[in-house]
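A quick write-up on the structure given underneath.
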Amino acid sequence: MTSPSLGLAHFWAQGDSVSHLVALALLVMSVGSWTLMLHKLLAHWRVRHTLRTGLDAFWAAPSRAVAVDTLRREDRSLIFATLATDAERAAQAYEQKSCGGIGAGVDASEFIGRTLQQSIVHAQARVESGLTFLASVGSTAPFVGLFGTVWGIYHALIGLSGAARMSIDQVAGPVGEALVMTAAGLFVAIPAVLAYNACTRANRLVLAQLDGFAHSLHAFLVAGVRVASPARAAD
C-alpha cells in the first residue's frame, strides 16, 4: 500500500531546485494570467458602460466642448474619450491655422482623418495589451508542466536506483507525484487560452464600435453632420 505521507508536500520536500523552479514558474504564470484576466474583465465592463450611456450623452450635448467633457466623465475606459479629445483638438488646430501659412493648403477631412487614425492605432494597442502574455502562458505552460513531470520522474528513479529491492508502491508514489506537474501545467494553460479567445472577440467588437464612432466624429467635425449611431456591444 502506498504510504500516506506521499502527496504534494512530500513531492516538494523530495524535489530538487529544478522541480521547485518549475513549480514556482507555473505559479507565477497562473497568478499573472488570472490578474490580467480580472483586469481585462473590468476594462470590458467599463467599455460596455460607455457604450450604454456615454455615447448617447456625447451626441446629446449642445456643443463640441460640452460633448467632450461629458464623454470624459462618462467614459470610464477613457478609450472613446481620448478619441473625441484628439479629434476636437485637431479640429481646433485646423480652424486656427487654416486661414494662412502652411495650414491653408491642408484639407480638413484629411487632417482630422489622420488624427483619428493615429488615435485609433493607440487605442488598439491599449486594448490589446496583455494578450501576448496570455497567449504565451497558454502555449508554454503545458510544456513547462511536462518538463517538471519528466524531471520529477527522473529524479525519483535516480533516488530509487540504489535500493536493493523495489516494489510497485515505491515507484508509483514518486511517479504519481511527478505527474501532478503535468496537471498543473494544464490548469495554468487552459484558463489562459480561454481568456485569450474571449478577449480577442471582445476587443474585435470594441474596435468595431470605436471605428464607427470615429467615422461619426469625422462626419460631424468636417461636415457638421451629427450622427448619433446606436452603438451597442454584442453579448
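What follows draws every value from the coordinates through simple rules; no lab data is involved. Please read these numbers as outputs of a predicted model, since none were measured by experiment. Neighbour counts are summed over all protein chains in view; Cβ atoms, including those assigned to glycine, are modelled from backbone coordinates with ideal geometry.
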- Note on the structure: Sorting GLN117, LEU205, GLY130 by the position of each Cα along the dipole of the stretch 10-223 (Lys, Arg +1; Asp, Glu -1; all at Cβ), the one nearest the positive end of that ordering is LEU205
- Note on the structure: Sorted by chain and number, the residues with a modelled amide H under 5 Å from that of ARG76, at a separation of 5 or more or across chains, are THR50
- Query: What list of ³J(HN,Hα) couplings, whole Hz, do you get for the stretch 196-213 from phi and the Karplus terms 6.51, -1.76, 1.60, once you set θ to phi - 60° and write x for glycine and proline?
  - Reply: 4, 5, 5, 5, 4, 5, 5, 5, 4, 5, 5, 5, 5, 5, 5, 5, x, 5
- For ARG201 and ALA60, compute 0.36 nm times the residue count separating them, minus their Cα-Cα distance, and round to one decimal in nm. 47.8 nm
- What is the dipole size for the stretch 10-223, taken about its Cα centre, with +1 at each Lys and Arg Cβ and -1 at each Asp and Glu Cβ, in debye to the nearest 20? 240
- Calculate, in nm to one decimal, what VAL31 and LYS97 gain on full extension: separation in residues at 0.36 nm each, minus their alpha carbon distance. 18.6 nm
